[in-house]
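S.K.: Below is a structure I'd like to ask you about.
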Amino acid sequence: MDERVEAILKANLEENKSCAHGLGHLQRTAEWSFWFVTQMDGTLREAELAYVAGLFHDMVRPDTNEIWHAQDSANKTKELLKDIYQPNDLEKIVKAVLDHCEPKKEWESLLHQAPFFADKIAEGSGAYVCLREALWSGESPDYHGKDLVRFVPHLLRKRVDGVLRPTNYPSRFSKLVEYQNQWILDFSEALEKNDSDAVFLLEFFNKRGKEGLDFDSVISEAVLQKIGEFGGKCLTEAMHYVRGGKQSQFESLIQR
Ligand SMILES: [Fe+2]
Ligand SMILES: [Fe+2]
């Protein structure tokens, strides 16, 4: 990848207003986008361009889901990368940024679909997203006035029934999607039962979301807390994921 690309991103993050969707989220989405293209036997060039799309996919990210951020991120990506990539490649990157939120029946290419897969199967799922959702519930006005112990599991389950439905992805990824979804279902059920670990984690991350703290620093603080077996399992899994330790397990879940 062109070395200038990451520098351009970092110098232009003023419209990335969300601590749940900050630089760590962008960098991991880039890495998983590269990984998904590779897992689908794409070329190195496609994987590199998917990496760039993943890196820029949420560069304009308000603290509410009421504003459609994909179009704004796509426009900004086009403007910032126009002197780096040829028009043909730039168009592909911008299209992948634009379409990273919703499943599609027909994807134009592996590059087109990889940032969506990365943003949902990897970054939008698993134990990690349960904790990120708790952080987001603190920072986003979308949650004001809600009973979070009920509302957060409601939204998490909606995610499993919607964007994370295994049929939205090639069948080779079904086991991986199901593995990731099981964490969401377990965490949602624990909250619905008022499990003390789940409620503690929700409140811990929610409070720091209100303070605008970055997810990656909050999880480092969370793992130092005294917590029961269920909470410890969630934190260990999410921390392992954030530190890049899930790749080989995810590869073992892909049907060849
Ligand atoms: Fe997004
Ligand atoms: Fe994202």
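The values are calculated or read from the model by the stated rules, or taken from the named source; none is laboratory data. Quantities reported herein were computed from a predicted structural model and do not represent experimental measurements. Positions of Cβ are generated from backbone atoms using ideal geometry, with glycine treated the same way; all protein chains shown enter the neighbour counts.
S.K.: Of all residues being surrounded by 23 or more Cβ atoms within 10 Å (Cβ to Cβ) and within 16 Å of ligand 2 (Cβ to nearest atom) in the range 103-119, which is farthest from the chain's Cα centre (by Cα)? Just the residue, please.
M.R.: GLN113
S.K.: Within the range 13-46, which residues are among the aliphatic types (A, V, I, L, M), in contact (Cβ under 8 Å) with a residue 12 or more places away in the chain and more than 15 Å from ligand 2 (Cβ to nearest atom)? Walk me through it before giving the result.
M.R.: Start the filter on the range 13-46 by keeping residues that are among the aliphatic types (A, V, I, L, M), which leaves 13, 20, 23, 26, 30, 37, 40, 44.
From what's left, in contact (Cβ under 8 Å) with a residue 12 or more places away in the chain: 13, 20, 23, 26, 30, 37, 40.
If the condition is that a residue be among the aliphatic types (A, V, I, L, M), in contact (Cβ under 8 Å) with a residue 12 or more places away in the chain and more than 15 Å from ligand 2 (Cβ to nearest atom), then VAL37, MET40 are the ones that fit.
S.K.: Within the range 205-235, how many residues are outside any loop (DSSP other than H, G, I, E, B) and without any contact (Cβ under 8 Å) to a residue 40 or more places away in the chain? Walk me through how you get there before you give the answer.
M.R.: Filtering the range 205-235 down to residues outside any loop (DSSP other than H, G, I, E, B) leaves 205-210, 215-222, 229-235.
Narrowing further to those that are without any contact (Cβ under 8 Å) to a residue 40 or more places away in the chain: 217, 220-221, 229, 231-232.
So the count comes out to 6.
S.K.: Okay, next question. Can PHE116 be described as farther than 18 Å from LYS17 by Cα and within 16 Å of ligand 1 (Cβ to nearest atom)?
M.R.: So PHE116 fits the description; yes.
S.K.: If you take the residues in the range 56-102 that are within 13 Å of ligand 2 (Cβ to nearest atom), in a helix (DSSP H, G or I) and in contact with a Ser or Thr (Cβ under 6 Å, 6 or more places away or on another chain), which one is nearest to SER18 (Cα to Cα)?
M.R.: Result: PHE56.
S.K.: Please count how many residues of the range 163-179 are closer than 21 Å to ASP41 by Cβ and among the basic types (Lys, Arg). Can you show your working first?
M.R.: At the first step, the residues of the range 163-179 found to be closer than 21 Å to ASP41 by Cβ are 166, 168-177.
Narrowing the set further to residues that are among the basic types (Lys, Arg) leaves 172, 175.
Matching residues across the range 163-179 total 2.
S.K.: If only one of TYR128, TYR143 is within 23 Å of LEU164 (Cα to Cα) and in contact (Cβ under 8 Å) with a residue 40 or more places away in the chain, which one is it?
M.R.: Working: TYR143 fails: in contact (Cβ under 8 Å) with a residue 40 or more places away in the chain.
Residue meeting the stated conditions: TYR128.
Yes/no per residue for (1) outside the structural domain of ALA7 (by TED's automatic domain parsing); (2) free of Cβ contacts under 8 Å to residues at least 60 places away in the same chain:
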position	(1), (2)
ASN75	no, yes
LYS78	no, yes
PRO87	no, yes
VAL94	no, yes
VAL97	no, yes
PRO103	no, no
PHE116	yes, yes
